Amino acid sequence: CLICSDQPKVDSFAVFGGRGLFILSTMNAMVVFFYHDCNIDKLIYVEPDKVALSKLHKNINTFYSYNKEDDFSIDVIPYACSAESNNTVTLHANGCGQSSILNVGSKTIETVGSNFQEYDVKTVSLNDLINQKCQNFEKAYMCIDTQGYEWEILKTADKAQLRKHFCYLDIEIMTDTSQYSIDPNQWRYLIHDLIAANFLPLLLPMGCTE
């Protein structure tokens, strides 16, 4: 999932900077309330998982039921973010929050079970998302949580445009090849590219897998 937001009204939250939030995570209605309460004007969700999309729309409806007159804007894009737009890829999803374009590994099956469905989804590139949705963003925040697909998403991104519109990238970087069929060196490629684009790394280990 990927999320992006437009300009916060104030700069009181250093994590969000001056403008914008771009995120991929959809499962909890409180997430929508949280971003709204950070004085963010706009959210963009990119999410291909059918179950996650259903929950996201329910959560958005819940939010607006309490904030009927609010001008808080939420865009939902039901595609998979990838290196290129207008392709079709196979999504592996278990209906409980676990989904990826990558093949499911043994550790994931051991942890959450093997009840994964497979279905085709359309793709959209990060470049197209930025060009079409984020040109007014400055110092925005982007969150990427795509179960090992983060390098595929970022490797073709225009780093100058990324740096122009986003000053914070929150990326869950998968490192365990037994969870999904990732390139074991993808985390190195990703960090190298972002440092070369003048992003400074702040590493927060989540455990032995990411």
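The values are calculated or read from the model by the stated rules, or taken from the named source; none is laboratory data. Being a predicted model, the structure only gives us computed values, none of them experimental. A quick note on method: Cβ atoms are made from the backbone with ideal geometry, for glycine too, and the neighbour counts reach across all protein chains shown. For the accessible areas, the whole protein counts, side chains as well, though only heavy atoms, and no ligand, DNA or RNA atoms are used. Shrake-Rupley method; radii C 1.70, N 1.55, O 1.52, S 1.80 Å.
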If each K or R counts +1 and each D or E counts -1, the residues other than Ile77 whose Cβ falls under 9 Å of its Cβ total -1
Computed over segment 61-210, the relative contact order (Cα-Cα under 8 Å, seq sep at least six) in percent reads 24 percent
dims of segment 147-210, Cα set, principal axes, largest to smallest, nearest Å -> 35, 23, 16
The answer for the net charge of residues other than Ala93 whose Cβ lies under 10 angstrom from its Cβ, with Lys and Arg +1 and Asp and Glu -1, is -1
Taking every alpha carbon pair in segment 69-210 and sorting the distances into 5 angstrom bins from 0 up to the bin holding the longest one, the percent per bin comes out as 2, 9, 17, 22, 19, 16, 10, 4, 1, 0
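Taking the Cβ-Cβ separation of Ile109 and Asp75 as r and a Förster radius of 30 Å, what is the calculated FRET efficiency to the nearest 0.05?
Efficiency for this residue pair is about 0.35.
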Stretched fully, the stretch from Asp193 through Ser85 gains (0.36 nm per residue minus C-alpha distance, one decimal, in nm) 36.8 nm
Taking only protein heavy atoms and a 1.4 Å probe, the highest-to-lowest accessible-area order of Glu118, Glu47 is Glu118, Glu47
In nm, the gap between the two label points placed 7 Å beyond Cα toward Cβ at Glu138 and Leu202 is 2.2 nm
On the accessible surface of segment 64-210, probed at 1.4 Å with all protein chains in place, carbon and sulfur together account for a percent value of 47 percent
Using alpha carbon centers only, segment 45-96 is separated from segment 158-190 by a whole-angstrom value of 21 Å
Once normalised by the length of segment 71-127, the mean sequence separation of its alpha carbon contacts under 8 Å that are 6 or more apart gives a contact order in percent of 52 percent
In nm, the gap between the two label points placed 7 Å beyond Cα toward Cβ at Ser65 and Gln161 is 3.8 nm
With N residues in segment 122-173, Rg(alpha-carbon) / (2.2 N^0.38 Å) equals 1.08
